[in-house]
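Every number here is computed from the coordinates shown, using simple stated rules; none is lab data. Since the model is a prediction, treat every value here as computed from it, not as a measurement. In this analysis, Cβ positions are derived from the backbone assuming ideal geometry, glycine residues included, and neighbour counts consider all displayed protein chains.
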Amino acid sequence: MGRADARRAREGSARRAKRNDKKSGIRRFFTWKKLLGAFLGVCLLGILGFIGLYLYVDIPKGNSAAKLQSNVFKYSDGKVMARVGELNRESVPITRIPKDVQHAFVAAENKTFYDDSGVDLKGTLRGVLNTLRGQGKQGGSTITQQYVKNYYLSQEQTVSRKLQEIVISLKVDNKFKKDEILAGYLNTSYYGRGAYGIQAAAQAYYGVDVEKLTVSQGAYLASLLQAPSQYDWTSATPAGQKRVKERWAYTLDNMVDMKWLPASERAKQTFDKPQAPKPLRGVSPQTSYLVKQAKQELFAQGVDESEFEAGGWTVTLGIDKNKQKALERSVKRKLTDDLDPKKRKVDADAQLGATSVDPKTGHIVAMYGGAGYPKHYTNNATRSDYQPASTFKPLILASAMENNAITQDGVPITPNTIYDGRNRRPVVGGDIAFAPPNEDEHQYGKISVQTATNNSVNAVFAQMGADVGLEKIKKTAVSLGMDGSKIDAKPAMTLGTMGASPLQMAGAYATLDNHGKKVTPTLVKKAVHPVDGVETAVPLKDPIGEQVLSRRTADTLTSVLTGVVNDGTATQSVKNTAYEAAGKTGTSDDNKSAWFVGYTPKLVTAVGMFGESPKGGTQVTLKGTGGGGRVNGGGYPAQVWADYTASALGGNTGAEFDLETDLGAGVPPTPTPTPSKTPSESPTPSGTPSKSASPTPSSPSTSPSQSGSGKPSDPATPTDPGSSPPPGGEDGGDTGGRPTGGNADGGKSTDSLPGFN
């Protein structure tokens, strides 16, 4: 070998030696043992870090957005009237969700749900990697993880939030039962169409409550969760419809695999297409009043307002859907169709409110509050700023009978007691001078209380007020549900000059209909709120209270008030009805309000019509409304009442009043009143249901016991006591309580009252 070859050999050996030395150095630092140790060290650190994270992170309180849900208001038959709240959500306990539907969701989302620890590590790792790559939201989470994300965490996609999700999911799985977790998941998931929670979804897609969902419908709702908007059948593309049907089938097949659905049943399943989307059941113009009144009732009975507004309540009202619609139709047919605000400015001032009550249960079955939000915010059915006028008069007679009151002549006051009905006759025995005019200054002679009630004669009830005692009358009125703070115990109160609402008047007359047992008209039948997953009903007061009037008094008043319908101020509007009825009209001062409160054995309804300026809400006259003249209680209010009552009762019109009384219009009268022989004796019954059977006129020399005035020298104008009201006036004396030129309390100075000395 030459020198050149030897040199190359030496150089090659040197290079190989150098390379070997370099490899030896690398091996010293990166041996397989050291690599394994490093890996195990990293794992240990990760485990220690996770343990620290597990100990550090607690299960947080549910986020406020997840807790928000609607309050559901239902008709008496359980059908939904309105959903009120920031989200269309109603949480339901797991017991209301059919087992097949529960299994459908587990089969679609997480078959190992009942056995896993709440976390899918493989799926979660994939989600973390995809998040790091910026690929956004990815699947792979368990039902527990999805529930944790919905209820405890935000929807942001970050590694730290994903780690929180894992830790909290493990703790939730350890703390709660699987059924509790599944219920939380089903109630917090979003299903599209604005529906949060399975109950809202069941209504949105199939128009049923959750307990009525079929397995096919449940499988569709479970399939929706993957892509709610894309899988909504009615708006999905053909490709979207194909995919959702495939996922629906996949869900059912998984149920078979899990032994939750027999193969034979699976073969029978057909895809149940959901219904077309409908606007969310919110608050319609009329139900806005019902919802507000229901809330006020609940708050008055101790329900915490902030707790209620957080949602989750199911409130069942006494409202009968058919009766409610009937009342709305009657108002339209008998009033609003007759109004033309463009043609007559006064027509824009007409407001109407009505409350209809079942006298046996005390529940409000229908309520009309007005045009609804935002046209009119005040509920006309509950407002108490207008005078009830002569609808208050029966309460005076009730008080007279309950207190065994007597006239100035010492005669017991009954429907057959004879009073002097002269126009502007000064009241005798009162502390304040008072001589109210009858309607249209109409003159009556000696007439019975029955006839005075039929024709609403002011002079008679003004005197009766003094005979009974104003404070006693006020006490009776309050016991029947009227607001004592609005009743000023002065002579004008006998003409109904206080403020009252259709709700209050319906309650007072319902108590008469219920034989004297107190009726407090109540809208809410039942209120349920989930407490720790259990639906808990709030204890509510019974609308039917104690006996506040004797049955004899209440039944006598009912008998008397049948005379108003059969032979009085309401006859024209309520005649020829197929049902037995009683009631009273009323028309207030300057024609600012007009009323009819009437009842049958099964239904009590108060209708009030009010003149209110659209600008500022001030009280104005109703005169000229609908193109007519004076509006009175026997007009629009009685017509609305009669039309509604006929519709509400339907074929159930044969009931008769069960009365225990020997007084009033329901008792066959004697041909003429028999004068009492002594002040302590009362005339024999002479109340009459018809004009032909009315008492005959009394002569000016009639005994004082017949006049009820206590003044034998009082002149009397002989008048047919059963005569009709004058043309153009139905109330026979409603003026709202103030004689012309009188002061605010209805009184006048003695020198301005004719014949007073």
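Summary table below
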{"read-out": "Karplus-derived HN-Hα couplings along the range 324-340 (A = 6.51, B = -1.76, C = 1.60, θ = phi - 60°), whole Hz, x at Gly and Pro", "value": "4, 5, 4, 5, 4, 5, 5, 4, 5, 5, 9, 9, 5, 5, 8, 9, 9"}
{"read-out": "Cβ-based exposure ranking for Phe176, Phe434, Phe113, in which fewest neighbours within 10 Å come first", "value": "Phe176, Phe113, Phe434"}
{"read-out": "Out-of-range pairs (alpha-carbon distance over 21 Å; input Lys486/Lys525; Lys325/Lys525; Lys342/Lys615)", "value": "Lys486/Lys525"}
{"read-out": "Fraction of alpha-carbon pairs over 16 Å apart in the range 325-403 - percent", "value": "66 percent"}
{"read-out": "Whichever aspartates and glutamates have a C-alpha closer than 12 Å to that of Lys393, once near sequence neighbours (fewer than 8 apart) are set aside", "value": "Asp731, Asp734"}
{"read-out": "Average Cα contact separation per residue, the range 498-576, under 8 Å, 6 or more apart, as relative contact order %", "value": "29 percent"}
{"read-out": "Estimated translational D of the range 520-602 in µm²/s (Stokes, Kirkwood radius over Cα pairs; 10 °C; 1.306 mPa s)", "value": "97 µm²/s"}
{"read-out": "Exposure proxy order (Cβ contacts within 10 Å, fewest to most) of Lys268, Lys541", "value": "Lys268, Lys541"}
{"read-out": "Zero-based 10 Å bins, Cα pair distances in the range 518-670, whole percents", "value": "10, 29, 29, 20, 10, 3, 0"}
{"read-out": "Unsatisfied cross-links (Cα-Cα over 24 Å) in the set Lys177/Lys526; Lys323/Lys575; Lys111/Lys177", "value": "Lys177/Lys526"}
{"read-out": "Convex hull per residue volume in Å³, alpha carbons only, for the range 379-437", "value": "134 Å³"}
{"read-out": "Spatial extent of the range 219-354: Rg and Dmax, with the Cα atoms as the point set, Å", "value": "24.6, 74"}
{"read-out": "Estimated inter-spin distance, Asp431 and Asp385, nm [label 7 Å along Cα→Cβ]", "value": "3.0 nm"}
{"read-out": "Loop trypsin sites (Lys or Arg not before Pro), the range 71-105 (other Cβ atoms within 10 Å of the site Cβ: 12 or fewer; DSSP)", "value": "Lys79"}
{"read-out": "Pair Lys122, Gln547: separation of 7 Å Cα→Cβ label points (nm)", "value": "7.9 nm"}
{"read-out": "In order through the range 626-640: 3J(HN,Hα) via Karplus (6.51 cos²θ - 1.76 cosθ + 1.60), integer Hz, x for Gly, Pro", "value": "x, x, x, x, 6, 8, 10, x, x, x, 3, x, 5, 5, 4"}
{"read-out": "Farthest positive-ward along the range 194-310 dipole, Cα basis, beta-carbon charges - from Ala263, Ala195, Ala222", "value": "Ala263"}
{"read-out": "Where Cα atoms sit under 18 Å apart: lysine pairs in the range 178-292 separated by 8 or more or lying on different chains", "value": "5"}
{"read-out": "Mean separation of Cα contacts under 8 Å, 6 or more apart, over the residue count of the range 418-467: relative contact order %", "value": "48 percent"}
{"read-out": "Equivalent-ellipsoid semi-axes of the range 272-331, from the Cα gyration tensor, Å, largest first", "value": "25, 20, 10"}
{"read-out": "Where Rh is the Kirkwood radius over Cα pairs, Rg/Rh for the range 158-257", "value": "1.02"}
{"read-out": "Net charge of neighbours whose Cβ lies under 12 Å from the Cβ of Gly372, counting Lys and Arg as +1 and Asp and Glu as -1", "value": "+1"}
{"read-out": "For Asp257, Asp409, order by how many other beta-carbon atoms lie within 10 Å, fewest first", "value": "Asp257, Asp409"}
{"read-out": "Cα pair distances of the range 462-534 binned at 10 Å [whole percent]", "value": "18, 38, 24, 10, 6, 3, 0"}
{"read-out": "Cα pair distances of the range 296-353 binned at 10 Å [whole percent]", "value": "17, 28, 22, 24, 9"}
